[in-house]
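So the structure is just underneath, and the comments pick up after that.
The values are calculated or read from the model by the stated rules, or taken from the named source; none is laboratory data. Since the structure is predicted, the reported quantities are computational estimates derived from the model, not experimental observations. Don't worry about glycine lacking a Cβ; one is built from the backbone with ideal geometry, like all the others, and counts go over all protein chains shown.
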Amino acid sequence: MNDLFLESEGGVVSGTMSEEQLVKALSAGYGTDSAQFINGRAMIPEDIEITMINAMREQKEDLKLMNLIKKRPVRSTVHEYNRRYDVGDHEHVTAGEGEGSPNTSQSIQRVTVPIKYLQTRRAVTDQMEVVDSFENAFESEKLAGTLTILRASEYLCFHGDSDVVPTEWDGLPKQIMKIPAHQRHVSDYRGKTITSVGDKIVTDMMHNIADAGGDANILFFPLILTMELQELVRDRVRFGVTDERAAPVIDYWPTPYGTLKIGGDVGMNKLYKVKGPVRESGDPNMRPNAPTSVVPSAAAATPSDGESKFSNADAGNYNYAVHAINQYGISPGTPIGAAQTVAGGDAVKLAITPDSSKPGTGLIICRSNKDGTEVMEVARIGIADAATTVFTDLNEDLPGTASMLFLTERKLQTVVEFYQLMPLRMRPLFESNRAEKPFFIQLFGAPDLKVPRWCGLAKNIAYQGGFSY
């Protein structure tokens, strides 16, 4: 080792360093992994910007539905109100001279909305609060927790189902599907694309909602459907000689029944998901185990099964798989083994035996298209109290498809509200035996579609990347 003498303001100091180490310390170096550069890279300037770049898909501004919904403070864990469904029979109220008046009465329903609780635990160690980092560690963790809860609330507004996971609230599509069939507006496009359906995918629903007394003015849909909706109106666009844009983006869709907003602060939503492949997710220690067995059987549908939508054109072989789900995650899938042969008019019944130790609270049913091998989500159901849960597939819901949600926002009273027991907040927690500052990010509430028949759902829409029908 050579003794190297360096001049300083206080005189000459010495240090022990090899010539090779000195050259390295004064060299720029080369490579992409900074961890491999031992003893520093003295001549390399580094970015010391004290910010962190967010590389997430969603930001607060992207949570369009939660930003739109009106918030109403409530003071009970179960919010109740009366819904006037009808004011009386208006078609038969005439009377002859001297005759009595016919009796008419209004219809009032009692509505109960259970409040649900969203929360995530976060913590920052004492060391992280002391050291210099890209940004304040506590504020960074608080922001991340806030975005987690906001993303969860937005996702549940579209996909929440308390029958499958009791701690979830019912999303707006589920609230539409819960009212009687003759009152709800659901358009079934049986695996057709928006392009093949044309304008009717908008105007038919607008007509049905207007006929029920609503005025649909807002549309939400998954990201993948965005360009197909835009393409429907592109051939009607005319350019002037001074136009500089190649193609305009349409935010409003005028119809005889009112103008539907399809862009801007509504429209495509990153957390409105399609029915695609299902993957295991969540905490491996808390999520359920895969179902023990799934036994299929196919036979002609009986009146108790309901009307089969397996047509002769749908006859073929179908593969199935079933995942268990609870509030902590989704299990791996359990396949049926060999493909099930299905004829027109059949009903396919799956006898599902959940795991005995960790059954979960619900099941995700996945199916292939005709003669296919890949399976995608069909439906989600709750687990029955019996040892075996039976799911009957009538081909009502198609895997590998998407849906669109039509909402009426402008009325005498707000149609869509979020009952808020407690607004989004940070709740500090007591420290235990760890050197950290723990806290909760919490939101207590539930959305409510006050008049579901003034809203509608278009379902079984084919999308690019899904199944072809």
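If we keep just the residues of the stretch 256-301 that are among the β-branched types (Val, Ile, Thr) and out of contact with any Pro (no Cβ under 6 Å at 6 or more places or on another chain), which is farthest from Tyr463 (Cα to Cα)? Here the residue is Thr292.
For Arg121, the criteria (1) at pLDDT below 95; (2) outside any strand (DSSP E or B); (3) surrounded by fewer than 17 Cβ atoms within 10 Å (Cβ to Cβ); (4) in contact with a Gly (Cβ under 9 Å, 6 or more places away or on another chain) hold in every case but one, which is (2).
Report whether or not Pro291 is farther than 30 Å from Gln230 by Cβ and in a loop (DSSP other than H, G, I, E, B). Give the derivation first.
Values: farther than 30 Å from Gln230 by Cβ: yes; in a loop (DSSP other than H, G, I, E, B): yes.
Against the criterion (farther than 30 Å from Gln230 by Cβ and in a loop (DSSP other than H, G, I, E, B)), Pro291 qualifies.
On inspection, Ala338 qualifies as part of a loop (DSSP other than H, G, I, E, B) and either touching a residue at least 60 places away in the same chain (Cβ under 8 Å) or out of contact with any Cys (no Cβ under 9 Å at 6 or more places or on another chain) (or both).
When you go through Ile250, Ile262 one by one, which is the residue that is under 30 Å from Arg410 (Cα atoms), at pLDDT below 95 and crowded, with 20+ Cβ neighbours inside 10 Å?
On the way: Ile250 fails: crowded, with 20+ Cβ neighbours inside 10 Å.
Residue meeting the stated conditions: Ile262.
Residues in the stretch 158-184 that are part of a loop (DSSP other than H, G, I, E, B), in contact with a Pro (Cβ under 9 Å, 6 or more places away or on another chain) and either among the basic types (Lys, Arg) or at pLDDT below 95 (or both): Ile179, Gln183, Arg184. Only residues that are of a type in the set (Lys, Arg) and surrounded by fewer than 18 Cβ atoms within 10 Å (Cβ to Cβ) were counted across the stretch 424-469, and they come to 3. When the stretch 331-349 is filtered for residues that are surrounded by 14 or more Cβ atoms within 10 Å (Cβ to Cβ), β-branched (Val, Ile, Thr) and under 24 Å from Asn312 (Cα atoms), the ones remaining, listed by number, are Ile336, Val342, Val348. In a residue-by-residue description of the stretch 297-315, the property of being touching a Gly at 6+ places or on another chain (Cβ under 6 Å), assigned by TED's automatic domain parsing to the domain that holds Asp393, among the polar types (S, T, N, Q) and not in a loop (DSSP other than H, G, I, E, B) applies to at least one position.
In the set Pro291, Pro296, which member is under 17 Å from Asp393 (Cα atoms), touching a residue at least 24 places away in the same chain (Cβ under 8 Å) and surrounded by 15 or more Cβ atoms within 10 Å (Cβ to Cβ)? Walk me through how you get there before you give the answer.
Details: Pro291 fails: under 17 Å from Asp393 (Cα atoms).
None of the others qualify; the one that does is Pro296.
Counting only strands (runs of 3 or more DSSP E) that sit wholly inside the stretch 363-422, those with at least 1 residues that are in contact with an Asp or Glu (Cβ under 7 Å, 6 or more places away or on another chain) and modelled with pLDDT of 95 or more are 376-382, 389-393.
Among residues of the stretch 170-210 being among the basic types (Lys, Arg) and within 17 Å of Thr401 (Cα to Cα), the one that is nearest to the chain's Cα centre (by Cα) is Lys174.
Within the set Ile365, Ile352, the sole residue that is closer than 23 Å to Gly316 by Cβ, within 18 Å of the chain's Cα centre (by Cα) and crowded, with 22+ Cβ neighbours inside 10 Å turns out to be Ile365.
Please pick out the residue among Ala321, Ala347 that is at pLDDT 95 or above, in contact with a Gly (Cβ under 7 Å, 6 or more places away or on another chain) and assigned to a strand (DSSP E or B). Give the steps one after another, and end with the answer.
Details: Ala347 fails: in contact with a Gly (Cβ under 7 Å, 6 or more places away or on another chain).
The unique qualifying residue is Ala321.
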